[in-house]
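> Just passing along the structure, written as structure tokens.
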Amino acid sequence: MKLTAQNESIYKFLIPMSQFPNAEGMKNQMGLNIEIGIGNGEYFTRNALKHPEQTFLGIECRWTYAARALRRIHQAGLRNAYVVWHDARVLFERYTKPNSLREITALFPCPWPKRRHIKYRLFSRDFLLILNNRLRSKGHVRIVTDQEAFKNWIMDQAMDTGFVVTSQQIPARLDTKYERKWAEEGQKQFFEVYLVKHQHHKLSPTDTPNMNTYTVNHFDPQKFHPEDVHQDVTLRFKEFLFDPKRERAMQSVVIVEGPLTQSVWIKIDRVGPIWRILPDMSSGVIPCRGLQLAIDHVHQEVTKTSS
Ligand SMILES: C[S@@+](CC[C@H](N)C(=O)[O-])C[C@H]1O[C@@H](n2cnc3c(N)ncnc32)[C@H](O)[C@@H]1O
């Protein structure tokens, strides 16, 4: 679904991640029911309708699904349900506070059954440690899957993460798109994993570095051609704009750092006798190591233009 004026009304339920902790209804993270990977939002919407006194937050990383869920929320006339369209790992790691959350649900998270894809599974030990840190005492995570091997893997990952872990087999009863798919193919039993926090796992605060910016004496936009970088962080340099009258250049760069992908503009502008190199932080850019690498790389390439 495209972002158009006609469907604008559904966007009041979409919360930009950078505003998540301060958005209306979200300030009290303790009272939130969070669902990760809401898909088209069927279970999420029903749950929010059933409990109008509570607040529901759905996290979905694919826009087509998030948009369907938003439409469903709008059609149900809900006032207590919101969606963040982003990767859950980034949201929990960077935008939630320790000891702040009450319950988290994930129904049929992607099981990534192939061995070489296991690294993409969401409920790894590292992610479970973050969830433990963010949940308050006795807060819980409920995960339902159709795959026994995936259930076993989650239980292994959860060892020594501060959770009491139990699991049980359950019949089809959640009525989501994915549950119906497996039930129609004949599956009768599904696997529910329940993790209750009993010990707090301390984590060092997420590293949000102060960005180092640069000034240089010389810059020749004609000679500026930054190349992409493919290391543990990927930098893809896109559009380059230069306004000779204002002596201002803008370089767009896509930064991929683990689950976090951001598109950022880096400014190179003349102030008196010097050129400044600094990121445009106006559009909710998250300060991170990848952004610093992008600034460093632009600086390096700007310096080369003086030779
Ligand atoms: C197999 S579908 C299940 C959808 C729904 N819960 C259901 O039962 O029909 C998994 C959903 O999780 C979403 N998802 C996968 N990884 C995610 C992540 N890291 N953050 C947020 N959503 C994610 C996918 O886009 C997809 O919508």
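Computed from the coordinates by the stated procedures, all read-outs in this text should not be read as laboratory data. Just so it is clear, the structure is predicted and the values come from calculations on it, not from any experiment. Heads up, the Cβs are rebuilt from the backbone with ideal geometry, glycines too, and the neighbour counts pull from every protein chain shown.
> Neighbouring Cβ atoms within 10 Å as the yardstick, rank Trp63, Trp275, Trp112 fewest first. Show your work: numbers first, answer last.
Values: Trp63 12, Trp275 21, Trp112 16.
Starting with the residue having the fewest Cβ neighbours, the order is Trp63, Trp112, Trp275.
> Which one, Leu14, Leu241, Leu293, has the greatest fluctuation when you compute a Gaussian network model over the chain with C-alpha springs under 10 angstrom?
Maximum fluctuation in the GNM of the chain, among the listed residues, is at Leu241.
> Of the listed pairs Lys12/Lys245; Lys12/Lys188; Lys97/Lys238; Lys50/Lys181, which have alpha-carbon separations greater than 29 Å here?
Lys12/Lys245; Lys12/Lys188; Lys97/Lys238
> If each of Lys245 and His225 carries a label point 7 Å out from its Cα toward its Cβ, how far apart are those two points in nm?
Inter-label distance under the simple model: 2.9 nm.
> May I pose another question? Between Lys114 and Val271, what length comes free when the chain is fully extended (0.36 nm per residue of separation minus the Cα-Cα distance, one decimal in nm)?
Taking Lys114 through Val271 to full extension adds about 51.1 nm, to one decimal.
> Compute the distance from the alpha-carbon center of region 255-294 to that of region 115-180, in whole Å.
36
> Now for a different question. Using helices alone, what [θ] at 222 nm do you get for the chain, with -39,500 (n - 2.57) per DSSP H run of 4 or more residues, divided over all residues and rounded to the nearest 500?
The helix-only estimate for the chain comes to -7000 deg cm²/dmol at 222 nm.
> What shape does region 8-197 take by its C-alpha gyration tensor, where a ≥ b ≥ c are the square roots of the eigenvalues and a/c under 1.5 counts as rounded, a/b above b/c as prolate, and the rest as oblate? Walk me through the numbers before you get to the answer.
Details: a/c = 1.65, a/b = 1.20, b/c = 1.37.
The shape class here is oblate.
> Using the count of nearby Cβ atoms within 10 Å as a rough guide to exposure, how do Thr166, Thr234, Thr176 rank from fewest to most?
Thr166, Thr234, Thr176
> Any idea what the alpha-carbon Rg over 2.2 N^0.38 Å comes to for region 214-304?
1.04
> Return Met159, Met17 ranked ascending by Cβ neighbour count within 10 Å, so the fewest neighbours appear first.
Met159, Met17
> Could I ask something else about it? In nm, to one decimal, how far is the modelled label at His198 from the one at Lys12, with both set 7 Å along Cα→Cβ?
Distance between the two pseudo-spin positions: 4.5 nm.
> I've got another one for you. So for region 214-304, averaging the separation of alpha carbon pairs under 8 Å that are six or more residues apart and normalising by length, what relative contact order in percent results?
Relative CO of region 214-304 lands at 30 percent.
> With a cut-off of 8 Å between alpha carbons and a minimum separation of six or more residues, what is the relative contact order of the chain in percent?
About 13 percent, as a whole number.
> Same structure again: Within 10 Å of each candidate Cβ there may be at most 13 other Cβ atoms; applying that plus a DSSP loop requirement, which trypsin sites (Lys or Arg not before Pro) in region 95-203 survive?
Hits after loop and neighbour filter: Lys114, Arg173, Lys188, Lys202.
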